[in-house]
């Protein structure tokens, strides 16, 4: 598994993006985890809209992670970029 995380600062705006790639053959449980994490990210992005609350976004991610049989490590949830 390779994770590429890129951050930038331009004209006072901060950006941060990350992408995970599977290289070579991996065990089915590894593929399931990576796929679940990607789906959870998509669910979180879909829950982020004007008027939504951070708790709603986190809740959407947590609910889907639970469906996959995973959880969220709360100590590693989010970070500042500015």
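Values as computed for the structure displayed
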quantity: Selected from 48, 36, 60 as most flexible by GNM, with the chain as the system and alpha-carbon contacts under 10 Å; calculated: 48
quantity: Gyration tensor verdict on the chain (Cα atoms; rounded if a/c is under 1.5, prolate if a/b is larger than b/c, oblate otherwise); calculated: oblate
quantity: Chain lengthening between residue 1 and residue 53 when straightened (0.36 nm per residue, less Cα-Cα); calculated: 15.5 nm
quantity: Max mean-square fluctuation residue, GNM over the chain, Cα-Cα springs under 10 Å, options 65, 37, 46; calculated: 46
quantity: Computed [θ] at 222 nm, helices only, for the chain once each DSSP H run of length n ≥ 4 contributes -39500 (n - 2.57); calculated: -13500 deg cm²/dmol
quantity: GNM flexibility winner over the chain from 69, 12, 55 (Cα, springs under 10 Å); calculated: 12
quantity: Cα-projected label distance for residue 38 with residue 14, points at 7 Å along beta-carbon direction, nm; calculated: 2.8
quantity: In range of the label at residue 72: residues from region 28-66 whose backbone nitrogen is under 12 Å from the point 7 Å along Cα→Cβ; calculated: 40-41, 43-45, 47-48, 53-66
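Every read-out reported here was derived from the displayed coordinates using simple, explicitly stated rules and does not represent laboratory data. Given the structure is predicted, the values throughout are model-derived calculations rather than measurements. Positions of Cβ are backbone-derived with ideal geometry, glycine not excepted, and every protein chain shown enters the neighbour counts.
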